[in-house]
1. Take the stretch 145-155 and flag every residue that is farther than 13 Å from residue 179 by Cβ and either at pLDDT below 95 or not in a loop (DSSP other than H, G, I, E, B) (or both).
2. Report, by residue number, each residue of the stretch 35-67 that is over 19 Å from residue 85 (Cβ atoms) and not in a helix (DSSP H, G or I).
3. Would you be able to tell me the number of residues in the stretch 107-121 that are out of contact with any helix residue (DSSP H, G or I) (no Cβ under 6 Å at 6 or more places or on another chain) and not in a helix (DSSP H, G or I)?
4. Can you confirm whether the stretch 106-116 contains a residue that is over 13 Å from the mean Cα position of the chain (by Cα) and in contact (Cβ under 8 Å) with a residue 12 or more places away in the chain?
5. Just one of (1) surrounded by fewer than 18 Cβ atoms within 10 Å (Cβ to Cβ); (2) in contact with a helix residue (DSSP H, G or I) (Cβ under 7 Å, 6 or more places away or on another chain) trips up residue 166, so point out which.
6. Quick one: would you say residue 47 is surrounded by fewer than 14 Cβ atoms within 10 Å (Cβ to Cβ), closer than 30 Å to residue 142 by Cβ and touching a helix residue (DSSP H, G or I) at 6+ places or on another chain (Cβ under 8 Å)?
7. Any residue that is within 14 Å of the chain's Cα centre (by Cα), within 27 Å of residue 150 (Cβ to Cβ) and not in a loop (DSSP other than H, G, I, E, B) - is there at least one of those in the stretch 91-104?
8. Residue check: is residue 73 in a helix (DSSP H, G or I), closer than 30 Å to residue 119 by Cα and modelled with pLDDT of 95 or more?
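The values are calculated or read from the model by the stated rules, or taken from the named source; none is laboratory data. Quick caveat, the model's predicted, so the values are computed rather than measured. Positions of Cβ are backbone-derived with ideal geometry, glycine not excepted, and every protein chain shown enters the neighbour counts.
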C-alpha cells in the first residue's frame, strides 16, 4: 500500500472535501497535506504550501510530483536537509546546487552520492567529513578519486571489511598497514590471503603474521 504520511492512500476519498481540507490545514502536518494534494487534488494546493515547505523531504516530493519542477519558495528549507538537497539537485535542478553544498557535505552518505551523481568528481567541501567514515571514505577513494586516499587510510584500517575492499579495489595490492586489523577477522583474513594469491603475491600466512606482531 502506498503511504506518504499517516493517511493510507486507499482510505482517502477520491473527491475534494472542504471540511476535510480545513481539518488538514488546521493540523498543518506536511505529510498529510502533501498526500492530499498529490492524490486528491492532483495539483498544487496553495493554502497548504506554507506548511508543506517546512518539511524538506515533503517539499522535494511536492516539487517533483506535483509542481514538476523547481519550487523556489521551498528551496531555503530543502537545502538544509542533506538527503532532500541531494535529491533536489539530482532530479530537479539536474546540476550542482552550491547553496546546498555546505549542508550536503555534513552527511557522508549524501555527500558521496552528490559527488558521484551530481558533481561527477571531487567534493572538496565534504572531504573533512568523508575522511572520518570508513565506508564512505573507501567508496570515495574507489569511485571518485580512482586511487588511494592517504588521508583516509587511518580511518579505513579501523574496519576489516572496508580495509579488505580498499586493498582489493583501490590499492589492488597488499595493504600492510591494515593487516593487523584484517587478521582479527578469520573470514576476512582468509579472503585477503586468497586475494594475494590471485594477484601472484601470496605469502605464507605465518610469515605475514610474524611481520604484524613483530
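1. Listed by number, the residues that qualify are 145, 150, 151, 152, 154, 155.
2. Result: 42, 43, 44, 45, 46, 47, 48.
3. Of the residues in the stretch 107-121, 2 are out of contact with any helix residue (DSSP H, G or I) (no Cβ under 6 Å at 6 or more places or on another chain) and not in a helix (DSSP H, G or I).
4. no
5. (1)
6. no
7. Yes: the stretch 91-104 contains one or more residues that are within 14 Å of the chain's Cα centre (by Cα), within 27 Å of residue 150 (Cβ to Cβ) and not in a loop (DSSP other than H, G, I, E, B).
8. yes
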